[in-house]
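Engineer: Quick one: the structure is below, and I'll ask about it shortly.
The values are calculated or read from the model by the stated rules, or taken from the named source; none is laboratory data. Keep in mind that what you see is a predicted model, and the values were worked out from it rather than measured. Please note: Cβ atoms are built from the backbone with ideal geometry, for glycine as well, and neighbour counts cover all protein chains shown. Ligands, DNA and RNA are stripped out before the accessible areas are found, and what is left, the full protein with its side chains, is counted by its heavy atoms. Shrake-Rupley method; radii C 1.70, N 1.55, O 1.52, S 1.80 Å.
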Amino acid sequence: MDKFVIRGGNPLLGTVRVSGAKNAALPAMAAALLTEEPVILENIPQVRDIETTRKLLAAMGADVELGYGRAHHRTTICCRNLASPEASYELVKTMRASTLVLGPLLARCGRARVSLPGGCAIGARPIDLHIKGLEKLGATITQEHGYVEASAKRLRGAEIVFDKITVTGTEDLLMAATLADGETLLRNCAREPEVADLAGLLNKMGARIEGAGTSTIRVRGVSALSGAKHRIIPDRIEAGTFIIAGALTGGDLNVAGCEPRHLDSILQKLTEVGVKIAHNGDSVRVFGDGDWKASDMVTEEYPGFPTDMQAQYMVLATQAKGSSVITENIFENRFMHALELVRMGASIKVEGHRALVRGKTPLSAAAVLASDLRASASLVIAALVADGETIIDRVYHIDRGYEHIEEKLRGVGAQIRRIGEMLPKKVAAPLVRA
Ligand code: EPZ
């Protein structure tokens, strides 16, 4: 398993470019299931979850062409022949967002067999709200042998109120409703920019969606959708990760190719802490002088402070003067990184869904273990700040959602390298002399 070796203490200087958003690209690729015509997606990040989605769609019979060379951020997906509308456990267990195919398969094929995702490092993460919503649209759903079996002659429009705000739940139902008979009203929806981006693609495919990006979405069903071309929005979480890294290393970093308005809550909180930030057009410039003051933070659904930035923010809190209380409201087990940061010298106490971080404490290099995607991003940031050489194990987590992060960081002055597990050399069999 790959590891990162990072020598801390180098300020990040120059420009780093943000890739397309993983959490917008995944539902967009699932949306291609809704039509037999080609869907062309641009600004697709080169991360492992995209490769997993390609395998998932190809296993159903779809043609998925991931671009290469100059077109390596483009993919063309054609789901003309969907031989088996099924998402296997083998793939779903590696990426729970695979459940995003449930709604589109049901709407397009009238049936779907999708493995239940099982547990996750950051929380239980059930998909009961997806299932409840699809049943409201008239689907018959059973669960057996670890799979959701769903069928419906044709889905029917309905009014659905989500008990809880769910991002992929909103996206799954939104996609299903596009081909339903009649009108669907979705209430208490997620307002994340990724949801609005998906609706933008679906409307280009001929869907009739209004209100995406707000908590109430209206969908008038159509009988068929066509192909389309769509550019995926930039990754606001990748941008936020680089902005915090730039500040903490005392650098002068320009984070380019992002959408600053999607970062409002993040930039507001960082400004409150004392981080120097300026933004114009599609860039955010961050320059740090290390004079930060503690500020409590609560994770919320968009437009609140994103849970996917909580771990990175925790590293900043370890370098701010005073005590910060970090409250994680979205997932019940998302403080795995805290104990690894304590191994690097941070002062953090976790109690339930709150963490008390006392700063400012110098960080020192150590061998640490990544437990999930965003936890690994926080360990990379901490290592960039720490005194000495840190070794981060299990970086396969970070490859799921950050495109070539070590190359991007090296491009702005970080000392970071990836080491693959040295395969044991084949020992030649001793020559047996006759
Ligand atoms: C999306 O996950 C993102 N993933 C997550 O990003 C992100 O952390 C999360 O939204 C919250 O912003 C993708 O978009 C692919 P939810 P999702 O459904 O949709 C509960 C990353 O790091 N819930 O909004 O799975 C759930 O357990 C990832 O890129 C139910 O109870 O999250 C959680 O507590 C990690 N029943 C809360 O709702 C359901 O049926 C919000 O989850 C669905 C969700």
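Engineer: Scan GLU406, GLU389 and give me the residue that is touching a Phe, Trp or Tyr at 6+ places or on another chain (Cβ under 7 Å) and among the charged types (D, E, K, R).
Structural biologist: GLU406
Engineer: Name the pairs whose Cβ atoms lie under 9 Å apart, with the first residue in segment 298-312 and in a helix (DSSP H, G or I), the second open to solvent by 10 Å² or more (accessible area, probe 1.4 Å) and more than 9 Å from the ligand (Cβ to nearest atom), and 6 or more positions between them or separate chains?
Structural biologist: THR307/GLU300; ASP308/ARG236; MET309/ARG236; MET309/SER265; MET309/LYS269; GLN310/PHE335; ALA311/PHE335; ALA311/MET336
Each row is one residue, and each column tells you yes or no for (1) at pLDDT below 95; (2) open to solvent by 40 Å² or more (accessible area, probe 1.4 Å); (3) within 16 Å of the ligand (Cβ to nearest atom).
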site: ALA139; (1), (2), (3): no, no, yes
site: PHE162; (1), (2), (3): no, no, yes
site: THR168; (1), (2), (3): no, yes, yes
site: LEU179; (1), (2), (3): no, no, no
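Engineer: Which one of the conditions (1) open to solvent by 40 Å² or more (accessible area, probe 1.4 Å); (2) among the hydroxyl-bearing types (Ser, Thr, Tyr); (3) within 16 Å of the ligand (Cβ to nearest atom) does TYR402 fail to meet, given that it meets all the rest?
Structural biologist: (1)
Engineer: Here's something else I'd like to know. For residues that are buried (at least 17 other Cβ atoms within 10 Å of the Cβ) and in a loop (DSSP other than H, G, I, E, B), scanning just segment 104-137, find the one that is farthest from the ligand (Cβ to nearest atom).
Structural biologist: Ranking the candidates gives LEU137 first.
Engineer: Using beta carbons and a limit of 6 Å, which pairs, at least six apart or on different chains, have the first residue in segment 397-426 and under 29 Å from ALA97 (Cβ atoms) and at pLDDT 95 or above and the second one among the small types (Gly, Ala, Ser) and open to solvent by less than 70 Å² (accessible area, probe 1.4 Å)?
Structural biologist: HIS397/ALA370; HIS397/SER376; ILE398/SER376; GLU403/SER19
Engineer: Scan segment 389-421 for residues that are of a type in the set (A, V, I, L, M, F, W, C) and closer than 16 Å to SER376 by Cα and jot them down.
Structural biologist: ILE391, ILE392, VAL395, ILE398, ILE405, LEU409, ILE416, ILE419
Engineer: Further, regarding this structure: Here are some conditions: (1) open to solvent by 10 Å² or more (accessible area, probe 1.4 Å); (2) out of contact with any Leu (no Cβ under 7 Å at 6 or more places or on another chain). ALA97 meets all but one. Which one does it not meet?
Structural biologist: Here ALA97 clears every test but (2).
Engineer: Another one. Here is a check on your reading of the model: is ALA150 surrounded by 22 or more Cβ atoms within 10 Å (Cβ to Cβ) and either more than 30 Å from ALA370 (Cβ to Cβ) or within 16 Å of the ligand (Cβ to nearest atom) (or both)?
Structural biologist: Details: surrounded by 22 or more Cβ atoms within 10 Å (Cβ to Cβ): yes; either more than 30 Å from ALA370 (Cβ to Cβ) or within 16 Å of the ligand (Cβ to nearest atom) (or both): yes.
Answer is yes for this residue.
Engineer: Separate question: Within segment 208-225, how many residues are touching a residue at least 40 places away in the same chain (Cβ under 8 Å) and open to solvent by less than 40 Å² (accessible area, probe 1.4 Å)?
Structural biologist: 5
Engineer: Check whether at least one residue in segment 229-251 is in contact with a strand residue (DSSP E or B) (Cβ under 6 Å, 6 or more places away or on another chain), open to solvent by less than 10 Å² (accessible area, probe 1.4 Å) and within 15 Å of the ligand (Cβ to nearest atom), and report yes or no.
Structural biologist: yes
Engineer: While we're on this one: I need the full set of residues from segment 69-94 which are surrounded by 22 or more Cβ atoms within 10 Å (Cβ to Cβ) and of a type in the set (A, V, I, L, M), in order please.
Structural biologist: Of everything in segment 69-94, those that are surrounded by 22 or more Cβ atoms within 10 Å (Cβ to Cβ) and of a type in the set (A, V, I, L, M) turn out to be ILE77, ALA87, VAL92.
Engineer: Write out, first by first residue and then by second, each pair whose Cβ atoms fall under 9 Å of each other, whose residues are 6+ apart or on separate chains, and whose first residue, in segment 6-24, is within 18 Å of VAL195 (Cα to Cα) and in contact (Cβ under 8 Å) with a residue 12 or more places away in the chain while the second is within 16 Å of the ligand (Cβ to nearest atom) and open to solvent by 50 Å² or more (accessible area, probe 1.4 Å).
Structural biologist: Cβ pairs passing all conditions: SER19/GLN46; LYS22/ARG400; ASN23/VAL167.
Engineer: Pairs please, first residue from segment 365-384 and open to solvent by less than 10 Å² (accessible area, probe 1.4 Å), second anywhere and among the polar types (S, T, N, Q) and away from the ligand (no atom under 16 Å from the Cβ), Cβ atoms under 8 Å, 6+ apart in sequence or on different chains.
Structural biologist: VAL368/THR390; LEU379/THR390; ALA382/THR318; ALA382/THR390; ALA383/THR390; LEU384/ASN10; LEU384/THR249
Engineer: Then there is this: Pick out the one residue from LYS276, LYS293, LYS269 that is open to solvent by less than 50 Å² (accessible area, probe 1.4 Å) and basic (Lys, Arg).
Structural biologist: Exactly one of LYS276, LYS293, LYS269 is open to solvent by less than 50 Å² (accessible area, probe 1.4 Å) and basic (Lys, Arg), namely LYS269.
Engineer: If you don't mind, another one. Condition test on GLU65, is it open to solvent by 50 Å² or more (accessible area, probe 1.4 Å) and under 25 Å from GLU194 (Cβ atoms)?
Structural biologist: In short, yes.
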